[in-house]
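Contents: one structure, followed by commentary.
The values are calculated or read from the model by the stated rules, or taken from the named source; none is laboratory data. Everything numeric in this text was worked out from a predicted model, so none of it was measured. Neighbour counts run over all protein chains shown; Cβ positions are idealised from the backbone, glycine included. For the accessible areas, the whole protein counts, side chains as well, though only heavy atoms, and no ligand, DNA or RNA atoms are used. Shrake-Rupley method; radii C 1.70, N 1.55, O 1.52, S 1.80 Å.
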Amino acid sequence: MSRATRWLRVVGIVLLVVAIVAAGVLWFLHRYQRVDQVIHLPPRGEAGYNPLYALKQTLLADDVAVQSRQRLNLASHALTPADTLLIFNDPRSMTPPEARRLLQWVDRGGHLLVRTPGLAGWGDDAYSPLLAQLDIVPMSGSRQCEPFQVEGEDHHVEFCRGQRFRLDGVEPELAWGDLKSGYVYARLAHGQGHVDVLADFDFLINSEAGGGVFADGGLDAPKGGLRDGPHRALARQVLSPNYGKGTMHLVYDAQMPSLLRMILVQGWMVWLPLTLALLAWLWSRMQRFGPQLPAPAGERRSLLEHVRASGEHLFRYGRGVMLYAAVRQAFLMRLRRRDPVAAALSGEPQIAAIAQRLSLPADSVRSALQTPSSHDKAAFRDRISTLVQLRNRL
């Protein structure tokens, strides 16, 4: 094949590949259409733990001074008569001195907004000193939704999870509810200021989907919280007495998810593979399913077992004299190392020397050094035992 023919073949293959790629691109561009998709990310930063973050940002956008914090702390944050204080926390956590100071501040012109606590915990030893001074009495078993209609908006309901209340000898300026079913909202005049008591503040919290600022107002914005038109209208009404006059103080209870929940939801990319690897390792190490009877014992290679079996075999077949001779030889070898003088002797002098060294009777030493009869098992055991004892004493 010539060089020109080879180059023509290469060029043809390249052109074919380019044509296939171009056809695939044209098919893709003709078949699929590019669209935009809005994905609302979970809240981050302060929006993740401050349920009133959307309210704070909305007030700032309306040129209203706002201070947001997790604790009341009246010593560090002084209140002026033109301020508004919204306590999102459970009012039962407030001490009686704090309740008195707040009512004194309201008497000078402040605006206080509080909520009723949940139904659980009401009793003689768990009550709110602030609500008690305002003559607020809870209505047990009175949780139900309250219809709320705003012009131009769909039908709406509010305070479905809130705890209703009744007023004991107090006439409110504004009220929502009735004496039979209880109130979900009441505005009480207190000196020159006002106290608004609500069954719940769920219409002021961040939206469930985004939890951020709703200033964009787009049609694709997730609903809930202050993104709903009725919620914005209701929020503007309850904040109206001192709106724009002073500072809005928002006291909230931080809503931080638990560490376990964060690990389960956000750390699954780590713990799931580790869990699978652990299960795989346990499966490889676990005992396989099988019969309940244990497996037969395998061959054992213990040297002591072999020696013991060999001795039992020799003794069973009348070779006990060989075993005795081995033990006697081991004793005499140690005697040569420890007492060469006694080992060099023989007969009665040797027996006397060994007995004197080991503090034993000469008869026992003499009997131990005499070879027993092959059929006398008792003499064999006694003399073997004595020789072992003599060897250990050297």
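Some notes on this structure:
- The set of residues in the stretch 166-194 being assigned to a loop (DSSP other than H, G, I, E, B), more than 22 Å from PRO230 (Cβ to Cβ) and in contact (Cβ under 8 Å) with a residue 24 or more places away in the chain consists of ASP168, GLY169, VAL170, GLY191, GLN192.
- Pairs, first within 19 Å of TYR49 (Cβ to Cβ) in the stretch 69-88, second aromatic (Phe, Trp, Tyr), C-beta under 9 Å, six or more apart: ARG69/TYR252; GLN70/TYR49; GLN70/TYR252; LEU86/PHE201; LEU86/TYR252; ILE87/TYR252; PHE88/PHE201; PHE88/TYR252
- Test: residue in the stretch 53-69 that is touching a Lys or Arg at 6+ places or on another chain (Cβ under 7 Å) and modelled with pLDDT of 85 or more: yes
- Residue satisfying condition, being open to solvent by 80 Å² or more (accessible area, probe 1.4 Å) and either charged (D, E, K, R) or at negative phi (or both), within set SER310, SER346, SER302: SER346
- Counted residues, the stretch 28-50 - those being open to solvent by 100 Å² or more (accessible area, probe 1.4 Å) and not in a helix (DSSP H, G or I): 9
- Tabulated pairs, the stretch 231-255, first within 19 Å of GLU153 (Cβ to Cβ), second among the aliphatic types (A, V, I, L, M) and open to solvent by 20 Å² or more (accessible area, probe 1.4 Å), C-beta under 7 angstrom, 6+ apart or interchain: ALA233/VAL150
- Boolean, ASP168 is closer than 23 Å to THR58 by Cβ, of a type outside the set (Phe, Trp, Tyr) and in contact with a strand residue (DSSP E or B) (Cβ under 7 Å, 6 or more places away or on another chain): no
- Residue within the stretch 166-173 that is over 18 Å from LEU113 (Cα atoms) and either surrounded by fewer than 18 Cβ atoms within 10 Å (Cβ to Cβ) or over 43 Å from the mean Cα position of the chain (by Cα) (or both) present: yes
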